[in-house]
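The values are calculated or read from the model by the stated rules, or taken from the named source; none is laboratory data. Keep in mind it's a predicted model, so treat the numbers as computed, not measured. Positions of Cβ are generated from backbone atoms using ideal geometry, with glycine treated the same way; all protein chains shown enter the neighbour counts. Only protein heavy atoms, including side chains, enter the accessible area calculation; ligands, DNA and RNA are left aside. Shrake-Rupley method; radii C 1.70, N 1.55, O 1.52, S 1.80 Å.
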Amino acid sequence: MSRPLMSCREFSEFLDRYVEGELGDVERLEFERHLAACPACVAYLESYRRTTRLARALGASDALPGVPDELVAAVLASRRNA
Amino acid sequence: MASRASGPAPEQDEALLLDRMRSGDEAAFAEFVRRHGGRLLAVARRMLRSEEDANDAVQDAFLSAFRALPEFAGDSRLSTWLHRIAVNACLMKLRTRRRKPEGPIDELLPTFHEDGHATNPAVAWREDAEAMLGRERTRSLVREAIDRLPEGHRTILVLRDVEELDTEETAKLLGLSTSAVKTRLHRARQALRTLLDPHFREDDR
Ligand SMILES: [Zn+2]
């Protein structure tokens, strides 16, 4: 009897290890076998990856705020008092 | 003071400024804060939810940097060194601030039927989700979703995905094992995905 397909629950639970490339060949193939048969997990994987990308983009594309004069003054003052 | 186009090369310029600071030149400290304050403020605003806390953390970060200046060897990049100091100052702030009780993350994680199938099977996201990030409305949407994560998970997601520290560094800063960081990061990403899903799913046009 061939191994039953992994469940969507297992897929979701260990998804990060698949995404980070931390799985061995056998496990990775099981993930891919599941993906080939399950459109919902394909959609889940894709949106999971894009969630990370959106968070990264948020950090990378932040406009640099100006430095308020009060902040400069406060830093210098607390340095003198330190 | 505006820098001249014909001035010294940036690294040389930076080394000169550090030397002036080491000799206690007050104007050099002001120049240093003006130069790097914007980037540190951006980090602090991403990590902390209040502007007041962000300002405090930036001040603390600069004071730590000034204290550590004699040991700054110049073998790591100054911007990387300062980024780490700022992250540390923000973590201190998060620790000392009165915390609201940690909400459970479970209700933001995917749920499954007895047979292992998802109770709400995922739907594809619209193609232009990332492009939408150019719009301020979308950026604040992602920011607000991150802010809705329970504090412990939020911190890990911000350190790993927004500030792009690696797992080891994150684990060290938080006093956690790397496997605990990985598990929490995975849950945090799943929870963030749940929160973003209604805004980005394909059938929601
Ligand atoms: Zn599935």
Task: Size descriptor, Kirkwood hydrodynamic radius, that averages inverse alpha-carbon separations across region B:10-96, Å - done: 13.2
Open item on the list: Can you give me the C-alpha center-to-center distance between region B:106-144 and region A:24-81, rounded to a whole angstrom?
Closed with: 14
TODO: Using a 10 Å Cβ count of at most 14 others and DSSP loop calls, identify the longest part of chain A lacking such GluC sites (Glu not before Pro).
DONE: A:23-82
- [ ] Please determine, in degrees from 0 to 90 and to the nearest 10, the orientation of helix A:25-37 with respect to the longest principal axis defined by the Cα atoms of chain A, where the helix direction is its Cα long axis.
- [x] 80
Task: For region B:85-187: rounded, prolate or oblate by the Cα gyration tensor [a/c cutoff 1.5] - done: oblate
Task: Cα-based Kirkwood hydrodynamic radius, chain A, one decimal, Å - done: 16.6
Open item on the list: Compute a Gaussian network model of chain B, connecting alpha carbons closer than 10 Å, and tell me which residue from B:Gly116, B:Gly38, B:Gly175 fluctuates the most.
Closed with: B:Gly116
TODO: Compare the Cα positions of A:Ala43, A:Val72, A:Ser7 along the charge dipole of the protein assembly as shown (+1 at Cβ of Lys, Arg; -1 at Cβ of Asp, Glu; about the Cα centre) and return the one farthest towards the positive end.
DONE: A:Val72
TODO: Can you tell me the FRET efficiency between B:Ala9 and B:Glu202 if r is taken as the Cβ-Cβ distance and R0 is 35 Å, rounded to the nearest 0.05?
DONE: 0.10
Open item on the list: Between B:Arg97 and A:Arg28, what is the label-point separation in nm under the 7 Å Cα-to-beta-carbon projection?
Closed with: 4.1
Open item on the list: Modelling each spin label as a point 7 Å along the Cα-to-Cβ direction, I'd like the B:Asp147/B:Ser50 distance in nm, to one decimal.
Closed with: 1.3
TODO: Please name the residues of region B:118-156 whose accessible area, counted over protein heavy atoms with a 1.4 angstrom probe, falls by no less than 20 Å² between the chain alone and the full protein assembly.
DONE: B:Ala122, B:Trp125, B:Glu130, B:Leu133, B:Arg139, B:Val142, B:Arg143
- [ ] Could you tell me which helices of chain B pass both thresholds, a Cα extent of 20 Å or more along their own axis and a mean Kyte-Doolittle hydropathy of at least -0.5, with helices taken as whole DSSP H runs?
- [x] B:26-47, B:51-68, B:78-96
Task: Share of carbon and sulfur in the accessible heavy-atom surface of chain B [1.4 Å probe, %] - done: 49
- [ ] Using every Cα-Cα pair within region B:60-137, state what percent have a distance larger than 22 Å.
- [x] 64
TODO: Provide the per residue accessible area, probe 1.4 Å, for the protein assembly as shown, rounded to a whole number of square angstrom.
DONE: 54
Open item on the list: Using only protein heavy atoms and a 1.4 Å probe, how much accessible area in total is buried between A and B, to the nearest 100 Å²?
Closed with: 4300
TODO: Against the globular-protein guess of 2.2 N^0.38 Å, express the Cα radius of gyration of the protein assembly as shown as a ratio, rounded to two decimals.
DONE: 1.19
Open item on the list: Quick check: pseudo-label points 7 Å beyond the Cα along Cα→Cβ at A:Arg17 and B:His113, how many nm apart are they?
Closed with: 2.7
Task: Charge dipole of chain B about the Cα centre (unit charges at C-beta), most positive-ward option of B:Thr96, B:Val142, B:Ala131 - done: B:Thr96
